[in-house]
Amino acid sequence: MVSDRSQLAAFLRSRRDRLTPRQAGIVPLPGERRVPGLRREELALLAGVSADYYSRLEQGRQANISREVLDALARALRLSDVERAHLYDLAAPYASRDRLPADRPQRPDPGLLRVLSMLDHVPALLIGRRGTVLARNALFSAVYGHSLDPGTSWPHFLLLDPEARERIDDWEGGARAIIAGMRREAARYPQDRRLQRDIEELRRADTDIERWWGDHLVGEYSSGHRRIRHPVAGVLDFDVELVVAPRDDSQHVVIYTVEPHSPTARTLPLLAAWGSDRAEARNF
């Protein structure tokens, strides 16, 4: 059984549309241009395949695609390493994909839990499949003003919660990165129906999310910078690092590191104490 070729076709069209003949290093074919980027015939020429064969790819009618053709397309389209891996996943048969275990709650990796338990001085979060929160420390909850209990969907919180949108500086950049990561995960696990439902729900909930999904963004969950505007602690600057489980790359600890002696480093102990006081007050 082959994968859904419609996703492969849409991805190829989106990458072709963004690449002009000048960027591809070729002379445009003569005639009126009706596309923003390369024509099908131009990309076929660059990849060394017939125009008819490439047309079948974009129409989702080509069942078997060799690794050599995929390599040629990736070179012609100037795909990044992540986009190239995404292309291979979209073209692969189901049987060659990574298999998910039975659809039951994912257990946190014991080693990553131990790492998390040692990180009470900086915000940290353990994420699993579909962006599900598996564990988090109290400081992470204090930074975002949300309990983020195990089982919470991190993408749903970041993309749909008004508090997240208000607190995260460059929220749009973070939102686009989450969407790109979800697209990458969906290609790796096309049989994950729950992930597909999550994505459809997010797309229906917000027009920006639907538009960004249509851009065919693709990326890995990765490190980066994040600035949080906390209503009590003020501006907090973090460098975000990921630690992946050696036996299960679907789990990773997200660690919000800080520069030693920086304003954020000096503020975090106060924020931890403030969050602890609030938690105790709620328990009375």
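Kindly evaluate A164 against the criterion of being open to solvent by less than 10 Å² (accessible area, probe 1.4 Å) and among the small types (G, A, S).
Criteria met by A164.
So which of D215, D208, D198 ends up being buried (at least 17 other Cβ atoms within 10 Å of the Cβ) and under 16 Å from the mean Cα position of the chain (by Cα)?
D198
Taking the range 5-50 on its own, how many of its residues are among the acidic types (D, E) and loosely packed, with under 13 Cβ neighbours inside 10 Å?
1
Checking H230 against (1) open to solvent by 30 Å² or more (accessible area, probe 1.4 Å); (2) more than 19 Å from the chain's Cα centre (by Cα); (3) within 27 Å of L119 (Cα to Cα), which single condition isn't satisfied?
(1)
Please pick out the residue among G234, G214 that is out of contact with any strand residue (DSSP E or B) (no Cβ under 7 Å at 6 or more places or on another chain) and within 20 Å of R167 (Cβ to Cβ).
G234
Take the residues in the range 233-252 that are more than 21 Å from G145 (Cβ to Cβ) and crowded, with 18+ Cβ neighbours inside 10 Å, then tell me which one is modelled with the lowest pLDDT.
Going through the qualifying residues, I end up with A245.
Report, by residue number, each residue of the range 119-177 that is over 14 Å from the mean Cα position of the chain (by Cα) and of a type in the set (K, R).
R136, R165, R167
Which of the following residues is out of contact with any His (no Cβ under 9 Å at 6 or more places or on another chain) and at pLDDT 95 or above: L202, L119, L134, L113?
The conditions single out L134.
What number goes with the only condition from (1) over 24 Å from G145 (Cα atoms); (2) open to solvent by less than 50 Å² (accessible area, probe 1.4 Å); (3) of a type outside the set (G, A, S) that Y256 does not pass?
Of the numbered conditions (1) over 24 Å from G145 (Cα atoms); (2) open to solvent by less than 50 Å² (accessible area, probe 1.4 Å); (3) of a type outside the set (G, A, S), the odd one out for Y256 is (1).
Taking the range 51-84 as the region of interest, how many residues are open to solvent by less than 30 Å² (accessible area, probe 1.4 Å) and touching a residue at least 60 places away in the same chain (Cβ under 8 Å)?
Final tally of qualifying residues: 4.
The values are calculated or read from the model by the stated rules, or taken from the named source; none is laboratory data. Bear in mind that the values here come from a model prediction, so they are computed numbers and not experimental data. No Cβ is skipped: glycine too gets one built from the backbone with ideal geometry, and neighbour counts run over all protein chains shown. Protein only, heavy atoms only, side chains kept; ligands, DNA and RNA dropped before computing areas. Shrake-Rupley method; radii C 1.70, N 1.55, O 1.52, S 1.80 Å.
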